[in-house]
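Got a structure for you, written out below as structure tokens; questions coming shortly.
Derivation of every value follows stated rules applied to the coordinates shown; laboratory data play no part. Keep in mind that what you see is a predicted model, and the values were worked out from it rather than measured. All Cβ positions, even for glycine, are placed from backbone atoms using ideal geometry, and neighbour counts span all protein chains on display.
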């Protein structure tokens, strides 16, 4: 019984300290997201909203309007104009566009001017308009004087 009595203070200290340690660990896990990552995510949220309004013009504003912008799917489209032409051809009306959702987004800053984003997209639409689609994408974004712009889009 004496052994138990001598261990009691140590057990009580551990029992009282454990909830505080767990709360501290959860706080550290939540952390804060750097501004660069938030700014990049905002670009994708604006794209998603523009797409779901049926506004290809606003959707395409996320891309850098330059001849070296790349859009890679089953073909390689070079330049902003080719990218926009591809979108207009593949999604000629609101029904073909469906409803777009991005998920599982991960932003990996490369430096102050460049970041990579990977994620998943889902496109919900009727069968006659192409059916549902889902896939993965990776984007390279560049910080320009007009904000963060996509310079490479590889979507599967």
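How do 104-111, 39-46, 119-126 rank on mean C-beta neighbours within 10 Å, highest first?
39-46, 119-126, 104-111
Continuing with the same structure: Taking a temperature of 10 °C and a viscosity of 1.306 mPa s, what whole-number D in µm²/s does Stokes-Einstein yield for region 35-155 with Rh from Kirkwood over alpha carbon pairs?
On the way: Rh = 14.5 Å.
It diffuses with D of about 109 µm²/s by this estimate.
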